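Each remark here refers to the structure printed beneath this line.
A short reminder: the numbers here are calculations on the coordinates, not readings from a lab. None of these values were measured; they are calculated from a predicted model. Glycine gets a Cβ as well: all are built from the backbone with ideal geometry, and neighbour counts include every protein chain shown.
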Amino acid sequence: MPSIPEILTAMSLFARKPYKSEATNFIEELKAKRPTLEAEQRAGRARLWDRAQDRDAAADWSDAQVAQQPYVYQTK
């Protein structure tokens, strides 16, 4: 029969290995296989989202929108 200190050590929350989900393990393995992955993601974001916006074109787009009728299926 195990002694009390052995049981407390075995049941201690601090003695256990921290939990890692399958998704976390997958991402860590992917980053280990492809160390340039984060740089590639940043380059893709910069190419698609991190750009200067043309305010004149946005204003023209907003002005060209047609207001929707209160009841969509109503005809004039």
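Relative to the current alpha-carbon distance between Ala59 and Ala23, full extension at 0.36 nm per residue lengthens the span by 8.7 nm. Report, ordered by chain and residue number, the aspartates and glutamates lying within cross-link reach of Lys20, taken as a straight Cα distance under 20 Å and ignoring same-chain residues fewer than 8 apart. Once the sequence-local aspartates and glutamates are set aside, what remains near Lys20 is Glu28, Glu29. The ellipsoid that matches the Cα gyration tensor of region 13-76 has semi-axes, each √(5λ) in whole angstrom, of 48, 23, 11, with the longest given first.
Mind giving me the FRET efficiency for Lys31 and Arg51? R0 is 35 Å, r the Cβ-Cβ distance, nearest 0.05 is fine. Approximately 0.85, to the nearest 0.05.
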